[in-house]
Amino acid sequence: MNKNKKLIASAIAALVIVAAITVGVVKTAEGNLDVIGKGSQKTFEAVLNVLPDAGKADEANAGWSLESPDGEVRLIWSGDYNKSPVYDVMLEFDAKPFLDAGLDESRLSDQYKRNDGSIIIGSKLRKEAPSVKEGPNALSAYQQIETYNPDTINYHSAMDHYGLKLGDGNMFEWAKNMETNTVTKKDQDKDIVFVLNPEPLIAAGVDPEKVEGWVYTTVPVMDHGKNVEVYKFLKPFNIK
Amino acid sequence: MASEMLNIRGMTCAACAQRIEKTVRKLSGVNLANVNLASEKLFVEYDSDQVELSAVKAAVTKIGYEVAEKSENAKVTIPIGGMTCAACARRVEKAIGKLEGIEETSVNFATEKATVTYDPQTVRLSVIRGAIEKAGYEALEVDKADAVDEDRARKQKEIKTLWTKFIVSAIFSIPLFYIAMAPMITFVRLPFPAGIEPMRYPLIYALLELFLVIPVLAVGYRFYTVGFKALIQRSPNMDSLIAIGTSAAVIYSVYNTFQIASGHFMAVDALYYESAGVIITLILLGKSLEAVSKGRTSEAIKKLMGLTPKTAIIFVDGVEKEIPIDEVELGDVIIVKPGEKIPVDGTVISGNTSIDESMLTGESMPVDKKEGDPVYAASINTTGAFRFKAEKIGSETALAQIIKLVEDAQGSKAPIAQMADIVSGYFVPVVCAIALVSGVAWYFGTGGDLKFALTIFISVLVIACPCALGLATPTAIMVGTGKGAENGILIKGGEALETAHKITTIVFDKTGTITEGKPTVTDVLTIEGISKDMLLQLTASAEKNSEHPLGQAIVLGAKAAGLELFATEQFEALTGRGIQANIKGEDILAGNRKLMDESGISLAGMEEVSDRLAEEGKTPMYVAINGTLAGIVAVADVVKESSRAAIESLHKMGMEVAMITGDNAKTAAAIAKQVGIDRVLSEVLPKDKSNEVKKLQSEGKKVAMVGDGINDAPALAQADIGIAIGSGTDVAMESADIVLMRSDLMDVPTAIHLSKQTIRNIKQNLFWAFGYNVIGIPIAAGLLHLLFNGPLLNPIFAAAAMSLSSVSVLTNALRLKRFKPVTGKR
């Protein structure tokens, strides 16, 4: 009997400890277990605040855009998925460096849309979200993505970056902390990075070594929970 | 000095055994304290005037272990007929409960059984049955299968509990391991739930791991309660290592979970919940396998214990009555029918039969028994029914003594174990220090990489395995001595076992050892004027008071010739020379040449005859009447069938074989030649036999003496190993280091071979136990990584290696079960 009492007491003590840890952790996370989603909003806002013209409205896509400092590529995210004609999140980049490197546009799949010397690649988000109505802005549209399509956002521990997945291996990444970004790790020396999947472009005739303005290199990425090294076209910038 | 064997619960490794030994030895009045980790027993020898056994038990309990009380009470389940309702059950309970000596009664109406715990010294089972009958119910036959073998039941329960814990632990550890490891496996795409992706939902991922590890830690709570308690008392053990290692992993992971919650997501790469979970699971698996293997090491003794029948048929007032074995009393007349086991020791009073005594002696041929012959408990009556009188019951039977002897041997320590004991004593603190130093060194060496340093710290703690060290020697001794007992070879302790394998010279006593010990009269030679019958009649009359086998042979020879023996007026045994007696006024001297020389009796005319007889291997005994030689009575003993083969086997083992005898040199030489003896020590008086052994020892030889254990007691004691042969039921068991239950000399090489095999097994075990640690600890400490940028040891693999070390040691010890006795063809 005593032994049973002891066991019950131990079990209760263990449960209390677990409950205390859980409560402590949840409290530390301010009640939101999606710490990546929550953290990414804050830092995305920081990026919008630093880049000139970032968060500019893009009426054609019923959303907002963030342009690279060299003006060659834009991240566009929709605020109303019913009105966005092609994609809800996308990259629009200058086709010229790729054409110069041998791109035969006719060999690109239908996923790649052409628009006045630019190429657009992106994806429709899986879950429908209500359109941003009251006080719509770039950040609330981003929050909408995080709320309704949280899987689109991820965290890249090797780089200490957040990422917005645009489908088919294309991404937009930004530093979790731009203040410490350049000093903590040698790989984290860029604050924002536009990422293109090179494979369809190479398949359409691009010689990756000849693409001007893009870096063709391997990067560690998470693929279904695994860390794998893959080739990407990168356009990285320090924006502070 | 009193001694006691106590059952200890709660030990997990050699450090625990060391700790108990140290604590008990510190008590004033304790002379000896030996713990056998494998059998979980403490043998304590103490001065009862200075210290009480309760103080010893209290000291053991105080340091966190349990002393299992030996139950003095018996427990029995009696099926009851005639109960119709629950009230009947209560009535029966009341009826039994009223009896004196009843500890507990429980009657189950549904199963119609009464379970009674009672003191057999106060109340007999028959009285309990009588009380049930008196209450109006039927006490049916006691279900023998219900007899409780507490020890076996406890071990089974322990194994079951460990397996259950392991299964529960595995149920949670497998998914924990999967979600922790799947993201790291790059060569295959394993399915992984998107909702817990560590790079997307690190906090959910961390909390899930935490929730999965909690049940594992809960089932392994004993590692923490025992481990930290031992640590606090500054006697860390194996549990302490596991407790520190896994606690460090869990605490660091909880810290990192908070880090993730506060926005430091990279901490998701520094979660070690799965290490803690898998370590506990693997150790539980190892402990489960260990418990199963440990049970098998004591199978031999369990087999012996299970030999005794549960009931006996006694003959009382002209009727046969079956009673429980515990109720048999001295003097009871017991009936044994063909095919039945003999319940207690005794002497046949009527009937002839053959009895299979192989379970006691290893001898496969049944032994014929007639009136006056002894019979032993647990042997099997093969042919005829007979009656015998109970002379030894309970703990006095030969079987009980053998069990005690084997139990004592299994609880003893071999000198080779001392090294392991010393190492075990320092092992855990040293490992803790190595873990700490390695962790700190790597922390600073890697520029503050806490994750790396922690991996090293945990790995070192977890791979170190003191349990393998603790099991190496006792398990081999248990299996070795058990195997010996199965073959009729009782080895009285670890020290005997170890010394036996070093033996270089074996000295055999002649009579009864190399020879059958049943000499017969072969020649009677007289001088003129004395008839052969007269000489034999006088000599036999003189020898009838002698206990010497030669004297008895002459008495038997005279009786066989139909000669009447005269009354002896005076008799004196002259040790090592012969006898002197007075019969009908005639002074008779019968003995060897030395006796005749001392008495100044001329041997003229008989010396040549004597020499010839001796060369034929016969023992000539001179007989003088009134100071004049009257003739020679020659006696010869038949060499045992197995003697030559046994000596040949010993030669093949590289041993020198000597024979020691009181016989004259020529007789001794003749026997020696027949069996292939290397060295003959003849005409040695019984009191000088030990000196002869001493002389051999002074030549630097390790000497074993083989004798019948009574006449040869001093020599057996002087020898490095005393081997008593064919006397498993008498005082020989006291005087020898090894007792051979049969008279078969082949058991001598078998015993030596078993000793060699066991010591070899112990050395292998120690090699494995030390090897794991000597190789594992430096790898875990990152030495390969430091020197050659080689691999580090994941704590999970360290835990697997630790479990494997104990299991491999036990498995190796169990190989001894395949030991085969030496045969003549070897």
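Results, tabulated for the structure shown:
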quantity	calculated
Residue among B:Ala468, B:Ala464, B:Ala500 that alone is closer than 29 Å to B:Glu656 by Cα, surrounded by 24 or more Cβ atoms within 10 Å (Cβ to Cβ) and not assigned by the TED database to the domain that holds B:Tyr272	B:Ala500
The range A:22-37 - residue that is without any contact (Cβ under 8 Å) to a residue 40 or more places away in the chain and in contact with a helix residue (DSSP H, G or I) (Cβ under 6 Å, 6 or more places away or on another chain) and, of those, farthest from the other protein chains (Cβ to nearest Cβ)	A:Asn32
Some residue of the range B:236-256 being surrounded by fewer than 20 Cβ atoms within 10 Å (Cβ to Cβ), touching a residue at least 60 places away in the same chain (Cβ under 8 Å), within 14 Å of chain A (Cβ to nearest Cβ) and out of contact with any Phe, Trp or Tyr (no Cβ under 9 Å at 6 or more places or on another chain)	no
Checklist (1) within 22 Å of A:Lys235 (Cβ to Cβ); (2) within 14 Å of chain B (Cβ to nearest Cβ); (3) acidic (Asp, Glu) applied to A:Glu146, failing item	(1)
Pair list, Cβ under 7 Å, 6 or more apart: the range B:92-108 residue at positive phi, other residue modelled with pLDDT under 85 and of a type in the set (Val, Ile, Thr)	B:Gly101/B:Thr122; B:Gly101/B:Val123
B:Thr667, sole failed condition from (1) under 30 Å from B:Ser379 (Cα atoms); (2) at pLDDT below 85; (3) buried (at least 21 other Cβ atoms within 10 Å of the Cβ)	(1)
Residues located in the range B:571-626, provided they are farther than 14 Å from B:Glu543 by Cα, of a type in the set (Lys, Arg) and in contact with a Lys or Arg (Cβ under 6 Å, 6 or more places away or on another chain)	B:Lys594
Enumeration of residues in the range A:40-87 that are within 14 Å of chain B (Cβ to nearest Cβ) and crowded, with 21+ Cβ neighbours inside 10 Å	A:Ser40
Residue count for the range B:680-715, restricted to those that are outside any helix (DSSP H, G or I), within 18 Å of B:Thr504 (Cα to Cα), aliphatic (A, V, I, L, M) and touching a residue at least 60 places away in the same chain (Cβ under 8 Å)	5
Any chance B:Pro778 is modelled with pLDDT of 85 or more, surrounded by fewer than 23 Cβ atoms within 10 Å (Cβ to Cβ) and either within 28 Å of the chain's Cα centre (by Cα) or not in a loop (DSSP other than H, G, I, E, B) (or both)	yes
Leading residue by the ranking (surrounded by the most Cβ atoms within 10 Å (Cβ to Cβ)) among those in the range B:165-213 that are away from every other protein chain (no Cβ under 12 Å) and among the small types (Gly, Ala, Ser)	B:Ser173
Test: B:Glu407 is within 20 Å of the chain's Cα centre (by Cα), charged (D, E, K, R) and farther than 19 Å from B:Lys817 by Cα	no
Lone qualifier among B:Gly576, B:Gly591 - being surrounded by 15 or more Cβ atoms within 10 Å (Cβ to Cβ), modelled with pLDDT under 85 and closer than 20 Å to B:Gly627 by Cα	B:Gly576
Test: B:Gly263 is free of Cβ contacts under 8 Å to residues at least 24 places away in the same chain, on the phi > 0 side of the Ramachandran plot and within 14 Å of another protein chain (Cβ to nearest Cβ)	yes
Residues of the range A:1-21 classified as hydrophobic (A, V, I, L, M, F, W, C), away from chain B (no Cβ under 11 Å) and either assigned to a helix (DSSP H, G or I) or touching a strand residue (DSSP E or B) at 6+ places or on another chain (Cβ under 9 Å) (or both), total	4
Candidate set: the range A:4-34, residues that are exposed (fewer than 15 other Cβ atoms within 10 Å of the Cβ) and charged (D, E, K, R); chosen: the one farthest from B:Val254 (Cα to Cα)	A:Lys5
Residue ID - surrounded by the most Cβ atoms within 10 Å (Cβ to Cβ), chosen from residues in the range B:1-29 that are over 22 Å from the mean Cα position of the chain (by Cα) and hydrophobic (A, V, I, L, M, F, W, C)	B:Ala15
Extreme residue, nearest to B:Lys492 (Cα to Cα), among residues of the range B:733-746 that are surrounded by 24 or more Cβ atoms within 10 Å (Cβ to Cβ) and modelled with pLDDT under 85	B:Ala736
Output for the range B:220-250, where each listed residue is more than 24 Å from B:Ala182 (Cβ to Cβ), out of contact with any Pro (no Cβ under 6 Å at 6 or more places or on another chain) and among the aliphatic types (A, V, I, L, M)	B:Val226, B:Leu231, B:Ile232, B:Leu241, B:Ile242, B:Ala243, B:Ile244, B:Ala248
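Residue by residue, here is whether (1) touching a helix residue (DSSP H, G or I) at 6+ places or on another chain (Cβ under 6 Å); (2) of a type in the set (Asp, Glu); (3) modelled with pLDDT under 85; (4) under 30 Å from B:Val479 (Cα atoms) holds:
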{"position": "B:Leu284", "(1), (2), (3), (4)": "yes, no, no, yes"}
{"position": "B:Leu289", "(1), (2), (3), (4)": "yes, no, yes, yes"}
{"position": "B:Lys303", "(1), (2), (3), (4)": "no, no, yes, yes"}
{"position": "B:Gly318", "(1), (2), (3), (4)": "no, no, yes, no"}
{"position": "B:Asp326", "(1), (2), (3), (4)": "no, yes, yes, yes"}
{"position": "B:Pro338", "(1), (2), (3), (4)": "no, no, yes, no"}
{"position": "B:Pro343", "(1), (2), (3), (4)": "yes, no, no, yes"}
{"position": "B:Met365", "(1), (2), (3), (4)": "no, no, yes, yes"}
{"position": "B:Ala377", "(1), (2), (3), (4)": "yes, no, no, yes"}
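For (1) free of Cβ contacts under 8 Å to residues at least 40 places away in the same chain; (2) surrounded by 24 or more Cβ atoms within 10 Å (Cβ to Cβ); (3) outside any helix (DSSP H, G or I); (4) in contact with a Ser or Thr (Cβ under 8 Å, 6 or more places away or on another chain), each residue gets a yes or a no:
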position	(1), (2), (3), (4)
B:Ser424	no, yes, no, no
B:Val430	yes, no, no, no
B:Val437	yes, no, no, no
B:Ala441	yes, no, no, no
B:Ala453	yes, no, no, yes
B:Pro474	no, yes, no, yes
B:Thr511	no, no, no, yes
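A quick yes/no check of all residues on (1) in contact with a strand residue (DSSP E or B) (Cβ under 6 Å, 6 or more places away or on another chain); (2) outside the structural domain of B:Leu535 (by the TED database); (3) part of a helix (DSSP H, G or I):
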{"site": "B:Leu556", "(1), (2), (3)": "no, no, yes"}
{"site": "B:Gly562", "(1), (2), (3)": "no, no, no"}
{"site": "B:Phe566", "(1), (2), (3)": "yes, no, no"}
{"site": "B:Ala573", "(1), (2), (3)": "yes, no, no"}
{"site": "B:Gly576", "(1), (2), (3)": "no, no, no"}
{"site": "B:Gln580", "(1), (2), (3)": "yes, no, no"}
{"site": "B:Asp587", "(1), (2), (3)": "no, no, no"}
{"site": "B:Ala590", "(1), (2), (3)": "yes, no, no"}
{"site": "B:Met596", "(1), (2), (3)": "yes, no, yes"}
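For every residue, the table says whether it meets (1) under 28 Å from B:Asp744 (Cα atoms); (2) assigned by the TED database to the domain that holds B:Glu495; (3) acidic (Asp, Glu).
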residue: B:Pro324; (1), (2), (3): no, no, no
residue: B:Leu330; (1), (2), (3): no, no, no
residue: B:Asp368; (1), (2), (3): yes, no, yes
residue: B:Glu371; (1), (2), (3): yes, no, yes
residue: B:Ser379; (1), (2), (3): yes, no, no
residue: B:Thr382; (1), (2), (3): yes, no, no
residue: B:Glu407; (1), (2), (3): yes, no, yes
residue: B:Ala433; (1), (2), (3): no, no, no
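The values are calculated or read from the model by the stated rules, or taken from the named source; none is laboratory data. For clarity, every value in this text was computed on a predicted model and none was experimentally measured. In this analysis, Cβ positions are derived from the backbone assuming ideal geometry, glycine residues included, and neighbour counts consider all displayed protein chains.
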